[in-house]
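The next block holds one structure in the form of structure tokens; read it before the comments.
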Amino acid sequence: MAKRRWAGVRSAILGLALAAGCATAQAQQTAYPAKAVSIIIAAAAGNSPDVAARIVADALTQLWKQQVLIVNRPGAGGLIAAQAATQVDRDGYTLYMAQASTYTVLPITQEKLPFDLDRDFQPISLVGEQPIALAVTPSLPVKSVAELIELIRKTPDGMLFAASNRGGQSHLTGELFRERTGLKMTFVHAAGAASSINDVSTGRIPIMFEGIAGIGGAIQGGSLKALGIAAPKRLADRPDLPAINETIPGFESKGWLALMAPTGTPDAIVQKVNADLRVVLAQPEVIRKFQGIGTYPHAMSPAETRAFMKAEQALWWPIVRKITPQK
């Protein structure tokens, strides 16, 4: 009888302990974040991706009532930031804002990375896209992408195109345009968007590809003539600018940002951040600020984000291999 009574007491104690453990775990999940959260990004302070990340950080700070800090780790084509993000605790308090080039360019140009992007990071959500625009010298006798293609075909030596940042998204867009059209086009590297704008506005180079925010002022001022945007459809804030895929089916090119967690971060935290990110990306003020830097919010589930990134790699890796010097 005493043994049975002790067994009953022991079972009751065990049950209480398990219940307490579950309650503690639930409380910890509910409490996240209980302190400041850091987001590592490869962009230097003040660059467009950094500004977008800070817009998101400010909105999450207001939602969570906990500070969200942006930690800039520029250099080595994104390698420094990604490596730093693999060396943190898997508790959800240090996240990583990945840029397109880290996934679409770095694995090709750096053969031996000290990390594996697929293995070491868990996608939380896509954050935003930065579509690339096609613009030309104002005096060029074309009014559409179709007319530009026809003009280049009739030009015996082809035409030059400018883009900032060799191997960057603007350059890759020009290479994709050349590949999809079969046109003779020669890339001219520019020191930055301002240099490209100067070259094209003066007619030294007839064509350029650049993020819409970087050339919006020149387009509005008449220094450049925009022909198209490499987005899935026309932008809501620029409805008169045709999508390039209206002429070249399926043509898309954009920079993008995706919020990631180090692999091993609790799934409950990944799902909470995803849900809260969806909330802030739908806020009118965030949308307005994003549009000011040529960025368009696009939240996804973790699985959708992984599939998106794989599709981007499948699109861009062959092009990056073609333009990367053989070692």
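The values are calculated or read from the model by the stated rules, or taken from the named source; none is laboratory data. These numbers were taken from a predicted model, which means no experiment stands behind them. Here Cβ is always computed from backbone atoms with ideal geometry, including for glycine, and neighbour counts include all displayed protein chains.
Could you pull out the residue among 266, 239, 262 that is more than 29 Å from residue 166 (Cα to Cα) and outside the structural domain of residue 47 (by TED's automatic domain parsing)?
Details: 266 fails: outside the structural domain of residue 47 (by TED's automatic domain parsing); 262 fails: outside the structural domain of residue 47 (by TED's automatic domain parsing).
Among 266, 239, 262, only 239 is more than 29 Å from residue 166 (Cα to Cα) and outside the structural domain of residue 47 (by TED's automatic domain parsing).
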> Which condition number in (1) modelled with pLDDT under 95; (2) in contact with a Ser or Thr (Cβ under 9 Å, 6 or more places away or on another chain); (3) not in a strand (DSSP E or B) is the one that residue 166 fails?
Replying inline: (2)
>> Need the failing condition index for residue 223 against (1) among the small types (Gly, Ala, Ser); (2) at pLDDT 95 or above; (3) out of contact with any Gly (no Cβ under 9 Å at 6 or more places or on another chain), just the number.
In response: (3)
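With the structure loaded, tell me whether residue 243 is in contact with a Pro (Cβ under 9 Å, 6 or more places away or on another chain), within 18 Å of residue 175 (Cα to Cα) and at pLDDT 95 or above or whether it fails that test. So that I can check it myself, show each step before the final result.
Working: in contact with a Pro (Cβ under 9 Å, 6 or more places away or on another chain): yes; within 18 Å of residue 175 (Cα to Cα): yes; at pLDDT 95 or above: yes.
Yes.
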> Does residue 156 satisfy being assigned by TED's automatic domain parsing to the domain that holds residue 201 and in contact (Cβ under 8 Å) with a residue 24 or more places away in the chain?
Replying inline: no
> Scanning for something over 17 Å from the mean Cα position of the chain (by Cα), surrounded by 13 or more Cβ atoms within 10 Å (Cβ to Cβ), of a type in the set (Val, Ile, Thr) and modelled with pLDDT under 95, does the range 312-323 turn up at least one residue?
Replying inline: yes
> So how many residues does the range 134-190 have that are surrounded by fewer than 17 Cβ atoms within 10 Å (Cβ to Cβ) and touching a Pro at 6+ places or on another chain (Cβ under 6 Å)?
Replying inline: 0
>> I'd like the full set of residues that are buried (at least 18 other Cβ atoms within 10 Å of the Cβ) and assigned to a loop (DSSP other than H, G, I, E, B), limited to the range 94-120.
In response: 105
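For the range 191-203, does any single residue satisfy the condition of being farther than 18 Å from residue 320 by Cα, in a strand (DSSP E or B) and either assigned by TED's automatic domain parsing to the domain that holds residue 313 or of a type outside the set (Lys, Arg) (or both)? Spell out the reasoning first.
First pass over the range 191-203, keeping only residues farther than 18 Å from residue 320 by Cα: 191-203.
Now narrow it down to the ones that are in a strand (DSSP E or B): none.
No - not one qualifying residue is present in the range 191-203.
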> For the range 151-209, which residues satisfy the criterion of being β-branched (Val, Ile, Thr) and over 28 Å from the mean Cα position of the chain (by Cα)?
Replying inline: 152, 155, 202, 205
> Do you know which of the residues in the range 215-240 that are surrounded by 14 or more Cβ atoms within 10 Å (Cβ to Cβ) and small (Gly, Ala, Ser) is farthest from residue 255 (Cα to Cα)?
Replying inline: 223
> What are the residues in the range 241-275 that are crowded, with 23+ Cβ neighbours inside 10 Å and either in a loop (DSSP other than H, G, I, E, B) or without any contact (Cβ under 8 Å) to a residue 12 or more places away in the chain (or both), if any?
Replying inline: 253
> Does any residue in the range 66-85 that is outside the structural domain of residue 56 (by TED's automatic domain parsing) and touching a residue at least 60 places away in the same chain (Cβ under 8 Å) come within less than 9 Å, Cβ to Cβ, of a residue that is part of a helix (DSSP H, G or I) and not small (Gly, Ala, Ser) six or more places away or on a different chain, and which pairs are these?
Replying inline: none
